[in-house]
Structures are given as C-alpha cells and as structure tokens.
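Trainee: I am attaching a structure below and will ask some questions about it afterwards.
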Amino acid sequence: MKALTANRLSDGDVVFWNAGQWVERFGDAQLFDDDQAEAAEAALAAGKAQPLAAVDVYLIDVAPVEGGLAPVSYRERIRALGPTNEPTHGKQAEGGAVVEALRHASGAARSTGRVDLIRRK
C-alpha cells in the first residue's frame with residue numbers, strides 16, 4: 001500500500017494527497033493498494049504538476065500496524081507526527097487513533113527509492 005506525500009511550499013509543513021488536493025493529516029491521505037499502481041503514478045504526476053503548492057512529491061510505503069496504518073519508514077512516521085522535540089507540539093499533540101497507531105509502529109525500514117544513508121568509517 002502507498003500514500004503520496006510532499007512538503008507544502010508556503011510553510012514547509014508535511015502534506016498528503018487525497019483526491020486531487022493536499023491535506024495535512026496522514027489519516028486523511030488517500031491510500032493506493034498494490035493493484036492501483038497506475039492510479040498512484042497518476043496522483044504522483046498530478047502532485048508534481050503543482051510546483052507552487054508542494055515540493056519533494058513522492059510515494060511512501062504504508063503497512064498495517066496495531067491500531068491502524070502507518071508508513072513503513074521511520075522517517076515518514078516522524079514526518080506524519082510532526083516535530084519530535086515535544087509531544088505537545090505539532091500533529092501528534094492532537095491525539096486520536098491515527099496518532100496512536102503511528103506512535104506504536106515499529107521498525108526502521110526505509111521507503112523504496114529513497115537515498116541510501118551515508119556510512120561513516
């Protein structure tokens with residue numbers, strides 16, 4: 001399963017694609033099953049065609065977790081929750097089932113197609 005994400009150009013906030021527009025919450029994101037690859041690619045193209053609305057548009061992997069769905073990548077879970085400096089800030093401060101599922105997701109796998117980490121010697 002996949003979701004489309006980007007950063008809003010006006011303020012840098014993380015946004016997600018839903019039916020032709022950008023929304024702020026991961027729980028509102030449109031999800032694409034594996035058999036909807038063409039629809040996911042069409043959404044990706046449509047999102048990239050809005051360069052004045054959002055930048056760094058890409059698909060992320062999403063998987064079932066206890067209590068709901070969450071991005072596979074640890075980085076994307078952090079982006080979906082908002083800043084990690086304080087639990088009372090950002091999207092995580094709103095609480096709810098989606099936020100709890102994101103908080104309880106585990107694993108550190110990265111989304112496919114992202115840049116490899118630089119290894120220190």
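Where a number appears in this text, it was derived from the coordinates with a stated rule and is not lab data. The structure presented is a predicted model; accordingly, all values stated were derived computationally and were not measured. Please note: Cβ atoms are built from the backbone with ideal geometry, for glycine as well, and neighbour counts cover all protein chains shown.
Trainee: Sequence gap at least 6, Cα distance under 8 Å: using those rules, report the relative contact order of the chain to the nearest whole percent. All intermediate terms of the calculation are to be shown ahead of the outcome.
Mentor: Values: 196 pairs, mean separation 28.0, N = 121.
Relative CO of the chain lands at 23 percent.
Trainee: Would you order Asp56, Asp28 from fewest to most other beta-carbon atoms within 10 Å of each residue's own beta-carbon?
Mentor: Working: Asp56 10, Asp28 14.
Placing the least packed residue first, the sequence is Asp56, Asp28.
Trainee: In addition: What is the sum of charges around Glu66, taking Lys and Arg as +1, Asp and Glu as -1, for the other residues whose C-beta is under 15 Å from the C-beta of Glu66? Don't skip to the end; give the middle numbers.
Mentor: Numbers: positive: Arg77, Arg103; negative: Glu100.
That works out to +1.
Trainee: Between Ser106 and Ala49, what is the spin-label point distance in nm, taking each point 7 Å from the Cα along the Cα→C-beta axis?
Mentor: Result: 4.3 nm between the two label points.
Trainee: Just subtract the alpha-carbon distance of Ala39 and Glu86 from 0.36 nm times their residue separation and send over the number in nm, one decimal. Before the final figure, lay out the partial values.
Mentor: Details: separation 47, 0.36 × 47 = 16.92 nm, distance 3.65 nm.
Result for the pair: 13.3 nm of gain on full extension.
Trainee: Would you list the P(r) distribution for region 2-104, with all Cα-Cα distances sorted into 5 Å bins from 0 and each bin expressed as a whole %?
Mentor: Percent of Cα pairs in each bin: 2, 14, 25, 25, 19, 10, 4, 1.
Trainee: Based only on other Cβ atoms within 10 Å, what is the fewest-to-most ordering of Phe26, Phe16?
Mentor: Starting with the residue having the fewest Cβ neighbours, the order is Phe16, Phe26.
Trainee: A further question on this structure: Assign unit charges at the C-beta atoms only (+1 for Lys and Arg, -1 for Asp and Glu), then state the dipole size of the chain relative to its Cα centre in Debye, rounded to the nearest 20. Could you put the intermediate results ahead of the total?
Mentor: Values: 14 positive and 17 negative charges, 139 e Å.
So the dipole magnitude of the chain works out to roughly 660 debye.
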